[in-house]
Ligand code: FNR
């Protein structure tokens, strides 16, 4: 078999016990062997500042390089005030520059939103669907995935214990792997 495609997974939360991070880890476990998920947390990415573009900080260059090497990008985001968290928007802004040379360019992308509440972070996911088309490759359209009631999905050790969620995540990551194959020919 050819080498698996490396997929950068960006959890949109810095929280140690983040559900988004736990979902990212569960997806990494469930992924088929055609893709390998590389979870990249956003703690190290400094604030985007256009004044620094001529001599970008090392953390921006490292992040852009990580994206360049990937065959696809998967966003696992919570919703903050009906949108994506600022740290995730900052990372997208950093990765999208220099102008016309977005590190997300041409990469197939996927969006997984979640919330402990009833709406599953759907507004955050919809905002990503607005942000990405100008700077990335094709977004996986179906299946859509907005995970609500995420609060009881994991045990104390971060293991996924909600079977219904496992089924949905498996369906999603298999579809995403096919999306990655299709757009990396
Ligand atoms: C939230 N939360 C939230 N939830 C939601 O469904 N819609 C929303 O608009 C918001 N807004 C919001 C704003 C801010 C500033 C915080 C801190 C939280 C709740 C959020 O879903 C919850 O804290 C998640 O646990 C955050 O995701 P992680 O850190 O678990 O990945």
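Remarks
- Residue within the range 91-99 that is modelled with pLDDT of 95 or more, touching a strand residue (DSSP E or B) at 6+ places or on another chain (Cβ under 9 Å) and more than 22 Å from residue 172 (Cβ to Cβ) present: yes
- Residue match in the range 162-176 (condition: at pLDDT 95 or above, part of a loop (DSSP other than H, G, I, E, B) and surrounded by 15 or more Cβ atoms within 10 Å (Cβ to Cβ)): yes
- Among residues of the range 6-34 that are in contact (Cβ under 8 Å) with a residue 40 or more places away in the chain and over 19 Å from residue 128 (Cα atoms), those with a beta-carbon under 9 Å from a residue that is in a helix (DSSP H, G or I) and within 9 Å of the ligand (Cβ to nearest atom) at least six positions away or on a different chain give the pairs 22/150.
- Within the range 148-165, the set of residues being touching a residue at least 12 places away in the same chain (Cβ under 8 Å) and in contact with a helix residue (DSSP H, G or I) (Cβ under 7 Å, 6 or more places away or on another chain) comprises 150, 153, 154, 158, 160.
- Filtered residue count, the range 127-161, keeping only those that are surrounded by 14 or more Cβ atoms within 10 Å (Cβ to Cβ), more than 14 Å from the chain's Cα centre (by Cα) and part of a helix (DSSP H, G or I): 1
- Reported count of residues in the range 60-98, each being part of a helix (DSSP H, G or I) and within 16 Å of the ligand (Cβ to nearest atom), is 6.
- In the range 1-59, the residues that are part of a helix (DSSP H, G or I) and more than 16 Å from the ligand (Cβ to nearest atom): 29, 30, 50, 51, 52, 58, 59
- Comparison of 40, 94, 76 shows that the only residue that is crowded, with 17+ Cβ neighbours inside 10 Å, over 12 Å from residue 9 (Cβ atoms) and within 17 Å of the chain's Cα centre (by Cα) is 94.
- Odd one out for residue 120, checked against (1) outside any loop (DSSP other than H, G, I, E, B); (2) surrounded by 12 or more Cβ atoms within 10 Å (Cβ to Cβ): (1)
The values are calculated or read from the model by the stated rules, or taken from the named source; none is laboratory data. Since we're looking at a predicted model, the values are computed, not measured. Neighbour counts are summed over all protein chains in view; Cβ atoms, including those assigned to glycine, are modelled from backbone coordinates with ideal geometry.
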